[in-house]
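A short write-up of the structure that comes next.
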Amino acid sequence: MSRRTPRAVPAQGASRPTVSVCRGCCCGTAKVPDVDHAGQLAELRRSLGESATVRAVDCLDACEQANVIVVQPSAEGRRAGGRPVWLGLVNDPDAVTDIAAWAGAGGPGLVDPPEILDLYTFRPSRRMQQEIER
């Protein structure tokens, strides 16, 4: 486990979903072979355009789940009960397409994710979950 300084997270009042793509210790590196890491991030940015914020973040401390993506709700989604959804082992281009389609349509709280994403969903450590939900 890493001992890192907590990072700032988007304000709870974000007008659109935020897609955080881990690019730290293990995610986005050769430790996860046969994945176009730069292409994954570029595809999310291209697909989502202005409908969601896409950001690369430092290690999310869930290395056993590399590559990790967290989809955070917009302010409207949060008011509707949406909470951040942690997705792990996102190493398939089809999963990236499904994540982009879901976030682009409104994301957590507003639109149900494609059922296939249930296979990628995991619960992070309490510390990390609290960090991203602030």
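Counting only DSSP beta bridges with both residues in the chain, what percent are antiparallel, rounded to the nearest 5? Taking every DSSP beta bridge within the chain, about 60 percent pair in antiparallel fashion. In a Gaussian network model over the chain where Cα atoms closer than 10 Å are linked, find which of A52, A66, A105 has the largest mean-square fluctuation. Taking springs between Cα atoms under 10 Å, the residue moving most is A105. Each peptide in 44-51, 74-81 gets a packing score, the mean of other Cβ atoms within 10 Å over its residues, and the list from highest to lowest is 74-81, 44-51.
Most tightly packed first, judged by the mean number of other beta-carbon atoms within 10 Å of their residues, the peptides 88-97, 108-117 read 88-97, 108-117. What shape does the chain take by its C-alpha gyration tensor, where a ≥ b ≥ c are the square roots of the eigenvalues and a/c under 1.5 counts as rounded, a/b above b/c as prolate, and the rest as oblate? Oblate, because a/c is 1.5 or more while a/b does not exceed b/c. Per-residue Karplus couplings for region 46-61, computed as 6.51 cos²θ - 1.76 cosθ + 1.60 with θ equal to phi - 60°, are listed in order as 5, 5, 8, x, 8, 7, 7, 8, 10, 9, 8, 10, 5, 3, 8, 6 Hz, Gly and Pro entered as x.
Fewest-first ordering of C22, C27 by other beta carbons within 10 Å of each residue's beta carbon gives C22, C27.
None of the figures in this text is laboratory data; all of them are computed from the coordinates on show. Quantities reported herein were computed from a predicted structural model and do not represent experimental measurements. Neighbour counts are summed over all protein chains in view; Cβ atoms, including those assigned to glycine, are modelled from backbone coordinates with ideal geometry.
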